[in-house]
1. Kindly flag which residue pairs out of LYS42/LYS500; LYS137/LYS322; LYS160/LYS375; LYS375/LYS549 have an alpha-carbon separation exceeding 26 Å in this structure.
2. Return an integer: the convex hull volume of the alpha-carbon atoms of the stretch 47-198, in Å³ per residue.
3. Which whole-number percent is the relative contact order of the chain (Cα, under 8 Å, 6+ apart)?
4. Expressed as an acute angle from 0 to 90° and rounded to the nearest 10, what is the orientation of the C-alpha long axis of helix 363-378 relative to the principal long axis of the chain?
5. Over the stretch 327-379, one equal point on each Cα, no solvent: what is log10 I(q)/I(0) by the Debye formula at q = 0.16, 0.25, 0.26 Å⁻¹?
6. With a bin width of 5 angstrom, please list the P(r) values of the stretch 255-390 as percents of all Cα-Cα pairs, from the 0 bin to the one holding the largest distance.
7. What is the antiparallel percent of DSSP beta bridges lying wholly in the chain, to the nearest 5?
8. Would you pull out the residues with amide H under 5 Å of ILE738's amide H, same chain only if 5 or more places away, H placed 1.01 Å from N?
Amino acid sequence: MRSDEARVKTDAERVPQLNPATYEWSARLFTTVRKLLKVNIKLHHSEGQIQSGDIFVFNHFARLETFIPQYLIYRETGAFCRSIASHEFFAEDDAFSNYLLGLGAIPNNYPRLLPLLAEEILRGRKVVVFPEGGMVKDRRVLDRHGRFSIYSPAARERRKHHTGAAVIALTLDAFKWVIRCAAERGESARLEQWRERLGLASVDELLATARRPTRIVPANITFYPIRVGDNLLRQGAKLVARGLSRRLTEELMIEGNILLKDTDMDIRLGEPVDAADYWRRWELPLFRGVIRNIDSPDHLLAYSPTAERWPERMAARWLRNKALRIRNDYMLRVYAGVTVNLSHLASRLIVMSIDAGRMEIGHARFCRTLYLALKALQRSEQVHLHRSLRNPVCYRGVAEGRAPGVRQLLKVAEEMELLSREAAQIRFLPKLLVEHEFHEIRLENLVAVYANEAEPVLQVTRALQRAVREEPALDARGYALHRFDDERREHAWDRAYFDKPRFGAINRQETATESGEPFLLRPKSPRGLGVLLVHGFLASPAELAEFGKRLVKRGFTVLGVRLKGHGTSPWDLRERSWQDWFDSVRSGYEILAELTPRVGMVGFSTGGALALLLAAEKPAGLAGVAVASVPLRFRNRNLIFVPLLHRANRVASWLPSLEGIVPFRPNESEHPHINYRNIPVRGLYELRLLVERLEQVLPQVSCPVSVLQGTEDHVVDPRSAQLLLDGLGSTQKESHEILASRHGILNENIGASQEIVATFLERLDKAGDPRSGSAEQLSAA
């Protein structure tokens, strides 16, 4: 037997094999433990991406990252993983060492490390690699020249990332070609030898593996938020071992908070790197001519730039150069995969301000700049935003400094003595400029950690630079247009969320085909009056969209607001209160009020009730309100049982197996292409509460009001119109009876309802026009 083959056999005998039983029960145990932890693991990947990948390269910030990737890969594909661990963890006949080996870990000093990993991939297993070689606690991966490098605490200097993953991929890809070549030449004995050595069931299985491309999948792990407060894990360790080292204290604080407090762990897989793509056409034939007779990955890896034979020297140089290129490419994709959050933006803005020589910034400008950068990044397809930056509910108030994410980071930075807030200014303190020890920075300067993590994402820096330039020119109108974009994004977010399989049974019954998105229509020559359209219960902005188009032709700027819970799924509506609907109307009004000097509101049914509720608050710029079919009283007397049914549903929903006794009721809609087919009982309950609140505040409505009501409305009791008129505090009010048995008189334009409302709006516009002289009084009905 040749000496290298003897060495291979000896090493193989010395390293225990991966134990599937150990792997499987460990996965089941972690599934159970995961339910008890507060870390929210989100895996972002495309279909088949994990299955087709061979080598997965991850960045490294916390210890729990060293086992979660293997668990997720196993859960998604059933494939076992090999990984590399420090040889310090492996002691002979040690229980913990045997456990690590059973899970697929291999000591980093194992003589056949890279060839063994290549062979494991041929066996159908995956390989997990951390090319940084250790935890990068400061998240700093770019040197002063913008090149990738990391700090090594052991060597006390910056170094390049390891190329192991690239070398494995190139070696494996080359060996796969050798296998395919042997098959073409009919070398069955050679193929059988490789099959036996790899423990595969057949030569066909070997060839199938050899025909697959060799792919490296770059993956980024991002934690948010990173907390530095005390936790039970550190307190418990302190009781057991007094005098904890600074390093252990830091690790227990950071990683204990990840496990024990709500923390998002976003794992994002990037575009794979295919080793075969790195060969030039003229190189490949020469390289394959050199390697066609190798017997194992060991032989290829043994090639040296100083070998006696020039083909081997050339092959070694090729492999080295291509490994560096591949390493650089997959590290670029790893760091580009950061899940960008608000703390990243705020921290980068702080660092950029200091780099520009500014040691303070106005609080208002700071927050508005963050908002502008956020909005710019939302338009970028290259940046991966944390869900809190894609769901407007989470980042609402950023521009005003009210968003929890901004307040939290500034509070932590203040506690770390990195900045101070005085009056309307944020002052950056000298500690921000201090170079902290590698093992202390997470406790001493969290701003630097966040800023370093986001630095490789060039789009973040560019968006912030642009926002810094544009912020001084951001006027109320520009801000309002951004806010309207948020309304559209909120609809898209809600629709996507409630489109998940668990909501499918009800969603599949739905008949609505019109878009539920809010709309903003702006004429070329706008009047001074804008119109806010508020749709009814179970409907969406589409209910009044055609009317909106008629109004814009008459010169009105029109905003069709979407009530929260509508235009998506009945499940969404089931989660909302009438206050949520009211907040939607208020938000729409605030946006339109910045686009037009005065605002008139038009509300249909429940939308009319909400419009009047807002009118009772006397918002600035309100000109008047037109409402149709407002439900102060209902035809269906069974609605008196809704509160009882709602309470019964709430009790039943406490049981995990139940969603409530009757969570939904069927709806026979006049407009099934717009309205929900299923009514949440919770929604009916909230509607009753809204009506009760409206009756209380009607006397506070003092603006001009026009009321329209169908004489034979089968949903709303026609007496509602008179009750409404009697309750209004307005001195200028009018009433219009529409001869109709339908409820949707405004949508269907029955009795020229739309013309009646449009005429009312034109009178409001004329009354507010200073060129028209004295304000025109609206006569009471």
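1. Violating the 26 Å Cα-Cα cut-off are LYS137/LYS322; LYS160/LYS375; LYS375/LYS549.
2. Hull volume normalised by residue count: 158 Å³.
3. Contact order relative to length: 9 percent.
4. 70
5. With no solvent term, the Cα-only Debye profile gives -0.60, -0.99, -1.02.
6. Pair shares across the bins are 2, 8, 12, 13, 11, 10, 9, 7, 7, 9, 7, 4, 2, 0.
7. On the way: 26 of 74 bridges.
Looking only at bridges with both residues in the chain, the antiparallel portion is about 35 percent.
8. Amide H neighbours of ILE738: GLN709, GLY710, THR711.
The values are calculated or read from the model by the stated rules, or taken from the named source; none is laboratory data. The model shown is predicted, which means the values in this text are computed figures rather than measured ones. Keep in mind that these areas ignore ligands, DNA and RNA; they rest on the heavy atoms of the full protein, side chains included. Shrake-Rupley method; radii C 1.70, N 1.55, O 1.52, S 1.80 Å.
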